[in-house]
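The values are calculated or read from the model by the stated rules, or taken from the named source; none is laboratory data. Fair warning: this is a prediction, and the values are worked out from it, not measured in the lab. Heads up, the Cβs are rebuilt from the backbone with ideal geometry, glycines too, and the neighbour counts pull from every protein chain shown. Heavy atoms of the whole protein, side chains included, go into the accessibility calculation; ligands, DNA and RNA do not. Shrake-Rupley method; radii C 1.70, N 1.55, O 1.52, S 1.80 Å.
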Amino acid sequence: MPTPFRSAWAGLALAAVLAMPALADGLKDEIAPTGKLRVAIAISPAGGAFWSTKTEAGYAGVPVDLGKDMAAQIGIPVEYVVYQNSGQITDAAGKGSWDVTWLPKDPERETRMMFGPIYEVADATYIVKAGSSVTNFATLDQPGIKVAAVNATTTMRGAIAHLKNAKVTGYQTYDEIFGLLKSGEVDAFALSRDQLNKMAQKLPGTRVLDETFKKTVTAVAVPLGHSQALAFVTKFMTEAVTNGTLRKAYDDNGLKDSPIRTE
């Protein structure tokens, strides 16, 4: 190879080598400005693909495992930022409090954060209190019926749009609504079917309605303007579906019988 060409190739190779750390540093600066990957999680006994739980050792859940794996891939520590529900995570999206999260997606939230691939599609319905005469949506949607939902969530917004006569009220935590349903202070609770089926096992006499009023889709998300971070988390989740990382997170968190549902 002539000297000028050899020099040109050497220059390109050197530029590529120098650019690689810069790209890596740029990603780290955007996705982890504190030096740690701050993963926003919502704590509840509900379980499933979105909720995480508090344990003696720390936290457990699908987002917990995915956050740990993502941080390891970047080469930084993980830090969990805890909230009571997905609405609180959304409210904190523009405050610089977290770097990445996994939560239900809807048009309202798309104005406040950037979403990557969907990894869960859940059917939303209602559980009714023990002794209730409600058997379907028609008998539920009546004046005087009190329906609870986790405040400022996609499910709450869906229930408000769905029910024209029953009153939908938001509460901060799953635990609070569990207690209200158990005591009979609310008539029903709107949530995903899989989580309500688990709740019904703990509350004898309650019933999960057969109909579905909306599909709730859950996806990875980053704050607005973090385009480089979005590209990275999109690649991470796409690979997690194909290489078994997501399946392992499901299996390790009591979801061995739950299929991975993507859009």
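On average, how much accessible surface per residue is there in segment 193-263, in Å², for a 1.4 Å probe, leaving out ligands, DNA and RNA? Spell out each step's value before the answer.
On the way: 3800 Å² over 71 residues.
Counting only protein heavy atoms, the per-residue value for segment 193-263 is 53 Å².
Each label point is 7 Å from the Cα along the Cα-to-Cβ direction; what then is the distance between the points at Glu176 and Ile118, in nm? So the label points at Glu176 and Ile118 sit 2.9 nm apart.
Farthest towards the positive end of the charge dipole of segment 212-263, among the residues Ser227, Phe213, Pro259, is the Cα of Phe213, using unit charges on the Cβ of Lys, Arg, Asp and Glu. Multiplying the residue separation of Ala161 and Asp257 by 0.36 nm and removing their Cα-Cα distance gives an extension gain of 31.4 nm.
Remark: segment 135-211 carries a charge dipole of roughly 20 debye about the Cα centre, counting +1 on each Lys and Arg Cβ and -1 on each Asp and Glu Cβ. This model, with +1 at the C-beta of Lys and Arg and -1 at the C-beta of Asp and Glu, gives segment 151-263 a dipole about its Cα centre of some 160 debye.
At a Förster radius of 45 Å, what calculated FRET efficiency corresponds to the Cβ-Cβ distance of Glu79 and Asp210, to the nearest 0.05? E between Glu79 and Asp210, to the nearest 0.05, is 0.60. About the centre of its Cα atoms, the chain shows a dipole size close to 160 debye [charges on the beta carbon of Lys, Arg (+1) and Asp, Glu (-1) only; nearest 20 debye]. Extension gain for Arg247 to Ala200 (0.36 nm times residue separation, less C-alpha to C-alpha distance): 14.3 nm.
Given the pairs Lys105/Lys248; Lys105/Lys235; Lys198/Lys248; Lys167/Lys256; Lys214/Lys235; Lys54/Lys215, which span a C-alpha to C-alpha distance of over 30 angstrom in this model? Could you put the intermediate results ahead of the total?
Details: Lys105/Lys248 23 Å; Lys105/Lys235 18 Å; Lys198/Lys248 21 Å; Lys167/Lys256 36 Å; Lys214/Lys235 28 Å; Lys54/Lys215 27 Å.
The answer is Lys167/Lys256.
If the chain linking Ala231 and Thr55 were pulled fully straight, counting 0.36 nm for each residue of separation and taking away their Cα-Cα distance, it would gain 60.2 nm.
Relative to the compact-globule estimate of 2.2 N^0.38 Å, the Cα radius of gyration of segment 66-213 comes out at 1.16.
Pull up the DSSP beta bridges for the chain and report the antiparallel fraction as a percent, rounded to 5. The partial results should precede the final answer.
Values: 24 of 40 bridges.
The answer is about 60 percent antiparallel.
With all protein chains present, how much of the accessible area of segment 129-197 (probe radius 1.4 Å) comes from carbon and sulfur, to the nearest whole percent? That share works out to 52 percent.
With each label modelled as a point 7 angstrom along the Cα→C-beta vector, the Lys146-Thr169 pair spans 0.4 nm.
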